[in-house]
Amino acid sequence: MKVEREQVCPLLGTRANPDTHFAYATLENRCYAHHRVSPLTLDEQETYCLSGNHRNCRFFLAHQARLAATQVAE
């Protein structure tokens, strides 16, 4: 299955490499939305990470809010 790059969450990576991920739901994929790298359920990956719906993910939204707050504070 081919996954369009822009649909995939930019915070998705693997434990070994935050800049790459599997294009399918697997326990090897990790969320880099916070300092502690979090494992994701297969359902979370299918629902959010591997789709354009990642913009509605609570982890993605929290990460975006932190980035915005940091930029305002600078």
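What follows draws every value from the coordinates through simple rules; no lab data is involved. Every value quoted in this text rests on a predicted model; they were computed, and no experiment measured them. With ideal geometry, Cβ positions are generated from the backbone for all residues, glycine too; neighbour counts draw on all protein chains shown.
Values for this structure:
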{"quantity": "Karplus 3J(HN,Hα) series, Hz, for region 32-49 with 6.51 cos²θ - 1.76 cosθ + 1.60 (x for Gly, Pro)", "calculated": "9, 6, 9, 4, 8, 5, 10, x, 10, 6, 5, 4, 4, 5, 5, 6, 10, 4"}
{"quantity": "The chain, helix-only ellipticity at 222 nm - DSSP H runs n ≥ 4, -39,500 (n - 2.57), divided by all residues, nearest 500", "calculated": "-7000 deg cm²/dmol"}
{"quantity": "Estimated dipole of the chain in Debye, rounded to 20 [Cβ of Lys and Arg +1, of Asp and Glu -1, Cα centre]", "calculated": "140 debye"}
{"quantity": "Surrounding net charge for Gly13, when Lys and Arg each add one and Asp and Glu each subtract one, Cβ distance under 11 Å", "calculated": "0"}
{"quantity": "Shape call, the chain: gyration tensor on alpha carbons, a/c limit 1.5", "calculated": "prolate"}
{"quantity": "Folded to 0 to 90 degrees: helix 58-73 orientation relative to the chain principal axis, Cα", "calculated": "30 degrees"}
